Amino acid sequence: PPVHDPCAVAYVIDPSIVTTRKVPVDIELQGTLTLGMTVADFRAPAPDDCNTSVAVELDHGKFWDLVTDALVRIGEPARLAVAMGAK
């Protein structure tokens, strides 16, 4: 499934989950069919002053481990409260 936002959050938490590549990125402002689209140029090496990195690969196992571990931890405070007698 598309999980773009969780992938971005995962990258902030653990950058080793994503492989990035320096790539020039522009927004198309002239095209009639592509107006407003993001264009990344992978054809040539990035110039020295390139300030954009594009994610090109995801470690699926590490990503889903991070997500499922976070989901498990969400319920821990509630389980702890019940174990301590809270209602």
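Could you work out which residue, out of Leu71, Leu29, Leu58, moves most in a Gaussian network model of the chain, that is, has the largest mean-square fluctuation with Cα springs under 10 Å? Highest fluctuation among the options: Leu29. Each 10 Å bin from zero up to the one holding the largest Cα-Cα distance in the chain carries the following percent of pairs: 14, 28, 26, 17, 8, 6, 1. Here the dipole of the range 4-83 is about 200 debye; that uses its Cα centre as origin and unit charges on the Cβ of Lys and Arg (positive) and Asp and Glu (negative).
Throughout, read-outs are computed from the coordinates displayed, never taken from laboratory work. Quick caveat: nothing in here was measured; it's all calculated off a predicted structure. Cβ atoms come from the backbone with ideal geometry, glycine included; neighbour counts cover every protein chain shown.
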